[in-house]
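Here's the structure we're looking at; comments come further down.
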Amino acid sequence: MSKIKSASDEKEVEVKDNSPIKEACEDLGVPFGCQNGICGVCTIEIVSGAENLQPLNDRETSMGCNSKKRLACQCKIKKGDIKIKF
């Protein structure tokens, strides 16, 4: 199991390895819009653990994301923990 932690209040949610992080981010309070990677509402800053996420996908790339700025609706965690800011 992996963990996603909010940098603002240290709340954390466990997620299965190799799974999307969308639901966990919703539980942490990340706002969502389209949930399809085209609106950018769910943009999160990766404070630590960027290496524990799958590489950027095409939707994230087209939205100008990078290893520190990701779309929560599109990210998948490999294993390990990440800390986010939103």
**Request:** Restricting attention to region 25-64, report how many residues are at positive phi and hydrophobic (A, V, I, L, M, F, W, C).
**Result:** 0
**Prompt:** Has region 6-20 got any residue that is outside any strand (DSSP E or B), free of Cβ contacts under 8 Å to residues at least 40 places away in the same chain and within 12 Å of Cys73 (Cβ to Cβ)?
**Reply:** no
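Every residue, every condition in (1) within 10 Å of Lys83 (Cβ to Cβ); (2) exposed (fewer than 15 other Cβ atoms within 10 Å of the Cβ), yes or no:
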site	(1), (2)
Glu23	no, yes
Glu26	no, no
Glu45	yes, yes
Gly49	yes, no
**Item:** Selection count, region 30-49, where residues are aliphatic (A, V, I, L, M) and part of a loop (DSSP other than H, G, I, E, B)
**Value:** 3
**Complete:** Among the residues of region 32-86, the number that are within 18 Å of Ser2 (Cβ to Cβ) and at pLDDT below 95 is 0
**Asked** Tell me, which residue of region 30-43 that is closer than 21 Å to Asp9 by Cβ and aliphatic (A, V, I, L, M) is surrounded by the fewest Cβ atoms within 10 Å (Cβ to Cβ)?
**Response** Val41
**Item:** Top-ranked residue in region 74-85 [being in contact (Cβ under 8 Å) with a residue 60 or more places away in the chain and either of a type in the set (S, T, N, Q) or not in a strand (DSSP E or B) (or both); ranked as farthest from Asp17 (Cα to Cα)]
**Value:** Gly80
**Message:** Conditions first: (1) within 11 Å of the chain's Cα centre (by Cα); (2) surrounded by 13 or more Cβ atoms within 10 Å (Cβ to Cβ). Lys68 passes all but one, so which condition is the exception?
**Reply:** (2)
**Request:** Taking the residues in region 50-73 that are in contact (Cβ under 8 Å) with a residue 40 or more places away in the chain and in a loop (DSSP other than H, G, I, E, B) as candidates, determine which candidate is farthest from Cys34 (Cα to Cα).
**Result:** Ala72
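The values are calculated or read from the model by the stated rules, or taken from the named source; none is laboratory data. Every value quoted in this text rests on a predicted model; they were computed, and no experiment measured them. Here the Cβ is made from the backbone with ideal geometry for all residues, glycine too, and neighbour counts use every protein chain on show.
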